[in-house]
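Note sheet for the following structure.
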Amino acid sequence: MIQVTTVAQAIEAAERGADVIIAQGGEAGGYAGTVSTMALVPQIVDVVSSIPVVAAGGIFDGRGIAAAFMLGAVGVNIGTRFLASEEAPIEDEWKAAIAAAQSEDAVKVEVLNDIQLLPGTAGYGTILRSLRTPFLDEWGKKREEARREGGRLWAEIGARAQVGRRHETLLTAGQTAGRDQGNPARGRDH
């Protein structure tokens, strides 16, 4: 099983014998590409027709699951909504940040590729998506300096996470963060 963000990656995965391909759209948290799930999934389904495709990115409820099936996926991979669950082994501040966020608060963090080259700068050039934090806002404005200070900044991110202060630096999440903000009545039934 391999997760891909482009059609070219899917073709390569198929040629190398992948049993399942996860087509992750750019709405996803973590390292993602630029093509949306709705555009990416059917293209990948078409080029790897004999291999099951799982959709990921921007899916948080039954409507998204149904859409993924209509696009030809055989399943879905849901991430951000599960991070906000009581059972997820992450800090409460991270969960609260996801629940309080709007979709537009989950931004592509190009400066992280300046701070830590891999995996984002290798291969297909993915960019991590995170909720905004004071750390990311500050260093996003100083990318040249972030490149020079990359080792120190990466160590700072790790050190803050170790002492339960991850919420100050890096909160990986996709655009399904805060999905209930527009309609509180829908909150718990999905």
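Against the empirical 2.2 N^0.38 Å scaling, what ratio does the C-alpha Rg of the stretch 14-127 come to? Each step should come with its number before you reach the end.
Working: Rg = 15.2 Å, N = 114, 2.2 N^0.38 = 13.3 Å.
Rg over 2.2 N^0.38 Å, computed on Cα atoms: 1.14.
The mean accessible area for residues of the stretch 48-90, using a 1.4 Å probe and ignoring ligands and nucleic acids, is 52 Å² per residue. Here the relative contact order of the chain, from alpha carbon pairs under 8 Å that lie six or more residues apart, stands at 22 percent.
Projected label points at Ala8 and Glu149, each 7 Å from Cα along the beta carbon direction, are separated by 3.4 nanometres. Would you calculate the volume per residue, in Å³, of the smallest convex hull containing every Cα atom of the stretch 17-71? So the per-residue Cα hull volume is 81 Å³.
Placing unit charges on each Cβ (+1 for Lys and Arg, -1 for Asp and Glu) gives the chain a dipole about its Cα centre, and among Gly140, Ser49, Ser103 the Cα reaching farthest toward its positive end belongs to Gly140. Most simply put, the chain has about 45% antiparallel DSSP beta bridges, counting only bridges with both residues inside it.
Given their separation in residues at 0.36 nm each and the Cα-Cα distance between them, Phe69 and Glu91 gain 4.6 nm when the chain is fully extended. Straight-line reach from Lys95: taking Cα to Cα under 15 Å and skipping same-chain neighbours fewer than 8 places apart, the aspartates and glutamates in range are Glu86, Glu87, Asp105, Glu168, Asp180. For Val76, the residues whose modelled amide H falls within less than 5 Å of its own, excluding neighbours fewer than 5 places apart on the same chain, are Ala55.
Please list Ile11, Ile59 in order of solvent-accessible area, largest first, computed with a 1.4 Å probe with all protein chains present. Mind showing how you got there, number by number?
Values: Ile11 65, Ile59 15 Å².
The ordering from most to least exposed comes out as Ile11, Ile59.
Solvent-accessible area assigned to carbon and sulfur over the stretch 1-92 amounts to 58 percent, based on a 1.4 Å probe.
Only aspartates and glutamates eight or more places from Lys142 in sequence, or on another chain, were considered; those with a Cα closer than 13 Å are Glu110, Asp114. Rg over Rh for the chain works out to 0.99, using Cα positions for both radii and the Kirkwood form for Rh.
Nearest 20 debye, what's the magnitude of the dipole of the chain about its Cα centre given +1 on Lys and Arg Cβ and -1 on Asp and Glu Cβ? Don't skip to the answer; put the middle values down first.
Working: 19 positive and 24 negative charges, 34 e Å.
With Lys and Arg at +1 and Asp and Glu at -1, about 160 debye.
Here the Karplus relation 6.51 cos²θ - 1.76 cosθ + 1.60, evaluated at θ = phi - 60°, turns the backbone of the stretch 95-107 into coupling constants of 4, 4, 5, 5, 5, 8, 6, 9, 3, 6, 6, 8, 10 Hz, with x for every Gly and Pro. Extension gain, Lys142 to Ala100, is 12.4 nm, computed as 0.36 nm per intervening residue step minus the present C-alpha separation.
The values are calculated or read from the model by the stated rules, or taken from the named source; none is laboratory data. The shown structure was predicted, so the numbers you read here are calculated from the model rather than taken from an experiment. No Cβ is skipped: glycine too gets one built from the backbone with ideal geometry, and neighbour counts run over all protein chains shown. Heavy atoms of the whole protein, side chains included, go into the accessibility calculation; ligands, DNA and RNA do not. Shrake-Rupley method; radii C 1.70, N 1.55, O 1.52, S 1.80 Å.
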